[in-house]
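Below: the structure, in structure tokens.
No lab work stands behind these numbers, since they all come straight from the coordinates. What you are looking at is a predicted structure, and each value in this text was computed from that prediction instead of being measured. Cβ sites come from the backbone with ideal geometry, for glycine too, and all protein chains shown count toward neighbours.
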């Protein structure tokens, strides 16, 4: 398969997912709507799409004028039933594309936090590859309303964490793609410091190995589901 990684900044890229995609024998290109140039191949020639996070927020069209164009493109993917997985900002933009609302949380949700799959999540061909309950790396200031017609798949105690829309569109609010080096850069960043950097640094070495194993499982499950959808088309 040809897979396009859609990014929104240097600190939120394919990371852990990239070697999983390449090991599966798939091609991976990277591109951003914010770059102001065409993707490496025609954007509709890819077989699956990964849409990652970023430092911006999903309602900041005034600062990031490319956001409406990306939302319109995501809407076309949903309508055409093209395989797509959105992560963090990616799931928020997918929610907007599907008619859902996004809003800022009273307090950001950042840290290693228990994520719980519901029955729909357990039965899902992608999220169901994960355990029913797991400590996940969560880092977001916004949340979304699950779009009409979508199936919510997972939650933390505070917010929704995943949904599926139709047979080909998935979004997760947690960060299955994050690596330890990447997370250290986020913790050290001055623009978006976590509320408890010391505690997050102390917990990460005990969590990141198992988390990365689950991240590879989730990425592989999405690629497998995408391939099945393509073969059935």
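Sort out which residues of region 105-119 are closer than 29 Å to residue 81 by Cα and either under 16 Å from the mean Cα position of the chain (by Cα) or not in a loop (DSSP other than H, G, I, E, B) (or both), and write them in order of number.
Selection gives 115, 116, 117, 119.
Can you tell me which residues in region 39-51 are assigned to a loop (DSSP other than H, G, I, E, B) and under 19 Å from the mean Cα position of the chain (by Cα)?
Matches in region 39-51: 46, 47.
Could you list all residues from region 88-104 that are in a strand (DSSP E or B) and either more than 23 Å from residue 64 (Cα to Cα) or touching a strand residue (DSSP E or B) at 6+ places or on another chain (Cβ under 6 Å) (or both)?
102, 104, listed by residue number.
Every residue in region 55-67 that is within 18 Å of the chain's Cα centre (by Cα) and either farther than 29 Å from residue 148 by Cβ or in a loop (DSSP other than H, G, I, E, B) (or both), please.
Within region 55-67, 55, 56, 57, 58, 59 meet the criteria.
Let me spell it out: the conditions are (1) out of contact with any helix residue (DSSP H, G or I) (no Cβ under 7 Å at 6 or more places or on another chain); (2) in a helix (DSSP H, G or I); (3) more than 20 Å from residue 55 (Cβ to Cβ), and residue 122 meets all of them except one. Which number is the exception?
The one condition residue 122 does not meet is (1).
Conditions: (1) more than 19 Å from residue 78 (Cβ to Cβ); (2) touching a strand residue (DSSP E or B) at 6+ places or on another chain (Cβ under 7 Å); (3) in contact (Cβ under 8 Å) with a residue 60 or more places away in the chain; (4) assigned to a loop (DSSP other than H, G, I, E, B). Residue 12 meets all but one. Number of the miss?
(2)
Matching residues to (1) assigned to a helix (DSSP H, G or I); (2) more than 24 Å from residue 182 (Cα to Cα); (3) more than 14 Å from the chain's Cα centre (by Cα); (4) touching a residue at least 12 places away in the same chain (Cβ under 8 Å):
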site	(1), (2), (3), (4)
8	no, no, no, yes
19	yes, no, yes, no
37	no, yes, yes, no
53	no, no, no, yes
69	yes, yes, yes, yes
75	yes, yes, yes, yes
79	yes, yes, yes, no
85	no, no, no, yes
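Out of the residues in region 187-225 that are farther than 24 Å from residue 127 by Cβ and under 20 Å from the mean Cα position of the chain (by Cα), which is surrounded by the fewest Cβ atoms within 10 Å (Cβ to Cβ)?
Filtering first and then ranking leaves 192.
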